[in-house]
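The values are calculated or read from the model by the stated rules, or taken from the named source; none is laboratory data. This one's a predicted model, so the numbers in the text were calculated from it and none came from an experiment. Cβ placement follows ideal geometry from the backbone for every residue including glycine, while neighbour counts extend to all protein chains displayed. Side chains included, ligands, DNA and RNA excluded: accessible areas come from the protein's heavy atoms. Shrake-Rupley method; radii C 1.70, N 1.55, O 1.52, S 1.80 Å.
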Amino acid sequence: MALTVGPYVIAPLAGVLCLSATAALCLFRPLTSGALSGLARAAGLALAVWGVLLLIGLSLDASSPWRPLTPLTRTTGLTVTATTSPAAIVTDNVALTQALARATERNRPALVYFTADWCVSCRVIEHEMFENDAVRAAFNGVDLIKVDVTRSTPDARALMERYGVIGPPTLAFFASDVGEMPKTRLIGEVSARKLLASLERVGDKA
């Protein structure tokens with residue numbers, strides 16, 4: 001997997017720089033008396049710990065710099081991957097139309113998920129919402145179609161314009177030949193509860 005540069009990559013690097021500067025200015029300076037000196041050392045230690053945690057979180061593919069150790073609390077992702085793996089990953093209109101047609105042939109609703117490698121909110125959705133037990137169960141009857149708009153190509157821009165997508169993450173629900181279901185689109189970071197509510201409306205109208 002290629003390493004992409006995003007806020008979570010930048011944050012650990014900034015943490016390392018803060019750690020280095022703090023170590024030089026605070027941690028290894030001669031001990032002096034006074035509350036200011038003690039406060040500086042405490043701040044230096046806090047930044048040092050945070051920098052280490054950020055680097056650990058980066059290595060664990062954590063989705064948020066404020067919760068770098070979250071991946072350690074997760075169970076194995078083998079079942080998750082098998083359950084929520086996309087039916088198709090597309091980058092242009094033709095491929096998306098074909099993927100939607102295949103879902104229609106199987107009489108299955110489709111969730112079209114606009115995402116990008118540089119989208120931090122997309123990582124939050126994939127690690128937290130898509131791994132929710134209830135969401136995984138609901139996906140057993142849904143085709144997940146990922147639209148990769150990582151690269152701003154003419155095809156990617158045409159896709160976003162066609163479906164009125166401003167940017168990722170955007171989730172649009174389609175059912176049979178009806179097209180996109182009204183009042184089911186989700187934009188930005190959303191909760192599992194909101195996703196399940198949209199899936200229920202799709203199921204009722206499919």
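Overview of results
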{"quantity": "Matching residues, region 147-171, being touching a Gly at 6+ places or on another chain (Cβ under 9 Å) and of a type in the set (A, V, I, L, M)", "calculated": "Val149, Met160"}
{"quantity": "Matching residues, region 86-139, being surrounded by fewer than 19 Cβ atoms within 10 Å (Cβ to Cβ), assigned to a loop (DSSP other than H, G, I, E, B) and touching a residue at least 60 places away in the same chain (Cβ under 8 Å)", "calculated": "Pro86, Thr91, Asp92, Asn107, Asp117, Trp118, Asn132"}
{"quantity": "Set Ser121, Ser176: member being of a type outside the set (A, V, I, L, M) and either touching a Phe, Trp or Tyr at 6+ places or on another chain (Cβ under 7 Å) or over 21 Å from Lys194 (Cβ atoms) (or both)", "calculated": "Ser176"}
{"quantity": "Count of region 143-176 residues which are touching a strand residue (DSSP E or B) at 6+ places or on another chain (Cβ under 7 Å) and open to solvent by less than 20 Å² (accessible area, probe 1.4 Å)", "calculated": "12"}
